[in-house]
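The values are calculated or read from the model by the stated rules, or taken from the named source; none is laboratory data. The model shown is predicted, which means the values in this text are computed figures rather than measured ones. Every residue, glycine as well, gets a Cβ built from its backbone with ideal geometry; the counts of neighbours run over all protein chains shown.
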């Protein structure tokens, strides 16, 4: 299967299936000499893993990461780093009833037509479980970016279904099961999710992720734009159906006099561009919003067809997230880190010696 590798100089190849023995990735291009251990990666995987609250799938996977190669005496060697995460809590029998039919909204139908064979157990390669290795790789990229440039990446959930979530206190993200950057309305969200889970239905979500400390100049014109590669990576996350950079679709209602971010000696006056102009980083915060569709695997009966094309009804059993967006924040953070890491290495290779006289106003406080 092609299409399992992301990046050019910092390349991550994802492997495995949801109900196979293990999942993992191979990271090629990590610079040598960086201190790295499982302890640097595990915290990010712990944020994403299933079973962390009653509002997500109760599949009980510890998601313990193993580093199989690319590290010697506690430091990266510059050779491929292989990360392995063993699957320990598969219940493949839960998917026996869909082996001969297609779940509406899922990749069953398209996988069948493309490959002529599919793994129905948990969705196989189309399962959200395949994001775990990318979170592991993202932790490696995040550490290098932090040490090399002081880049800080963070994200939060900003809506579940029709419920808007405030973003007023980043310190709260780790204190609730929704990755919400607020202390407001958490009890109401809990009740909303409890009712949704009992109904057997699902909802979508919107989340926001940003990177601060990004160096000016990352990215390239036309077909290697930083925002284009970010969009591609984010669309590689299961269930993502929309991406916004900066003001996103909000720019439609803006005038040019409002949308264009004015430059002053003291800094940029605004950041409607989301930290990227002409596909190249401005040095401001890179700001990304994602729209995530409702979970396709639900208990409610849905119309479909079987392998012969005859009509049938599908009910998906097993353990599923009523809102896959709840666990998507660490995934989006990881994908942003992977793209920034790749572009940082590409920029360093071609333009590492470039020096200009104009000051980096993005490093100065904005008005």
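Looking only at the stretch 165-174, decide whether some residue is within 20 Å of the chain's Cα centre (by Cα), on the phi < 0 side of the Ramachandran plot, at pLDDT 95 or above and surrounded by 20 or more Cβ atoms within 10 Å (Cβ to Cβ). Looking for residues that are within 20 Å of the chain's Cα centre (by Cα), on the phi < 0 side of the Ramachandran plot, at pLDDT 95 or above and surrounded by 20 or more Cβ atoms within 10 Å (Cβ to Cβ), one finds at least one in the stretch 165-174, hence yes. Scan the stretch 292-303 for residues that are out of contact with any helix residue (DSSP H, G or I) (no Cβ under 6 Å at 6 or more places or on another chain) and either crowded, with 18+ Cβ neighbours inside 10 Å or not in a strand (DSSP E or B) (or both) and report the count. Adding up the residues that qualify gives 8. The sole residue among 244, 188, 210 that is in a helix (DSSP H, G or I) and on the phi < 0 side of the Ramachandran plot is 188.
From 77, 5, 88, 13, which residue is surrounded by fewer than 19 Cβ atoms within 10 Å (Cβ to Cβ) and modelled with pLDDT under 95?
88
Here's the yes/no breakdown for (1) under 20 Å from residue 202 (Cα atoms); (2) in a helix (DSSP H, G or I); (3) modelled with pLDDT of 95 or more; (4) in contact with a helix residue (DSSP H, G or I) (Cβ under 8 Å, 6 or more places away or on another chain):
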site	(1), (2), (3), (4)
258	no, yes, yes, no
288	no, no, yes, yes
317	yes, no, no, yes
339	no, yes, yes, yes
343	no, yes, yes, yes
349	no, yes, yes, no
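Looking at this structure, is residue 263 crowded, with 16+ Cβ neighbours inside 10 Å and either on the phi < 0 side of the Ramachandran plot or modelled with pLDDT of 95 or more (or both)?
no
Given the conditions (1) touching a residue at least 60 places away in the same chain (Cβ under 8 Å); (2) touching a strand residue (DSSP E or B) at 6+ places or on another chain (Cβ under 9 Å); (3) surrounded by 18 or more Cβ atoms within 10 Å (Cβ to Cβ), which single one is not true for residue 48? Evaluating residue 48 over (1) touching a residue at least 60 places away in the same chain (Cβ under 8 Å); (2) touching a strand residue (DSSP E or B) at 6+ places or on another chain (Cβ under 9 Å); (3) surrounded by 18 or more Cβ atoms within 10 Å (Cβ to Cβ) leaves (2) as the failure.
Number of residues in the stretch 234-252 that are under 15 Å from the mean Cα position of the chain (by Cα), surrounded by 21 or more Cβ atoms within 10 Å (Cβ to Cβ) and either free of Cβ contacts under 8 Å to residues at least 24 places away in the same chain or within 20 Å of residue 281 (Cβ to Cβ) (or both): the value is 2. Scanning the stretch 213-233 for residues that are outside any loop (DSSP other than H, G, I, E, B) and either touching a helix residue (DSSP H, G or I) at 6+ places or on another chain (Cβ under 9 Å) or in contact (Cβ under 8 Å) with a residue 24 or more places away in the chain (or both) yields 219, 222, 224, 226, 227, 228, 229, 230, 232, 233. Looking only at residues in the stretch 91-119 that are modelled with pLDDT under 80 and crowded, with 20+ Cβ neighbours inside 10 Å, the one that is nearest to residue 309 (Cα to Cα) is 98.
Given the condition crowded, with 18+ Cβ neighbours inside 10 Å, touching a residue at least 24 places away in the same chain (Cβ under 8 Å) and part of a strand (DSSP E or B), answer yes or no: does some residue in the stretch 30-39 qualify? No, because not a single residue in the stretch 30-39 is crowded, with 18+ Cβ neighbours inside 10 Å, touching a residue at least 24 places away in the same chain (Cβ under 8 Å) and part of a strand (DSSP E or B).
Would you say residue 309 is modelled with pLDDT of 90 or more and not in a strand (DSSP E or B)? So residue 309 passes the test.
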